[in-house]
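**Student:** Sharing a structure here in structure tokens format.
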Amino acid sequence: MVGRVVQELIEEGKAQGLAQGLAGTLSELLEHHFGRLPRPVRRRIAVAAQPELHAWFTTALGARSLAEVFPDLDLE
């Protein structure tokens, strides 16, 4: 029982670490292409889960604007 809880905590920590790393990489990519990120984008990235971060990263690779990556945010 305790071993299972410990393993779950380890897996959760790994997932959080991967998400934090992906968030940092996504932020760097976006800043490189579009300049300083607006606060709403930074907040959205900071609280996102790994699948959402991955989707944004993939979109960002071919995006011509932040609005293409985050169409639900008012960035204009």
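**Student:** Can you pull out every residue in the range 39-50 that is under 15 Å from ALA60 (Cβ atoms) and touching a Phe, Trp or Tyr at 6+ places or on another chain (Cβ under 9 Å)?
**Tutor:** Correct list: VAL41, ARG44, ILE45, ALA48.
**Student:** Also, I was wondering about something else. Could you grab the pairs with beta carbons closer than 6 Å, sequence gap of 6+ or different chains, first residue in the range 24-50 and under 20 Å from ASP74 (Cβ atoms) and among the small types (Gly, Ala, Ser), second one modelled with pLDDT of 95 or more and not in a loop (DSSP other than H, G, I, E, B)?
**Tutor:** Short answer, once both residue conditions are applied: SER27/ILE45.
**Student:** Also, quick follow-up: State which residue is surrounded by the fewest Cβ atoms within 10 Å (Cβ to Cβ) when the search covers only the range 36-54 and only residues that are in a loop (DSSP other than H, G, I, E, B) and at pLDDT below 95.
**Tutor:** Here the residue is ALA49.
**Student:** Still on this structure, I have one more. Within the group PHE70, PHE57, which residue is surrounded by 16 or more Cβ atoms within 10 Å (Cβ to Cβ), in contact with a Lys or Arg (Cβ under 7 Å, 6 or more places away or on another chain) and at pLDDT 90 or above?
**Tutor:** After ruling out the rest, the residue left standing is PHE70.
The values are calculated or read from the model by the stated rules, or taken from the named source; none is laboratory data. Note that the structure is a prediction, hence the values are computed from the model and not measured. We place every Cβ from the backbone using ideal geometry, glycine too, and count neighbours over all the protein chains shown.
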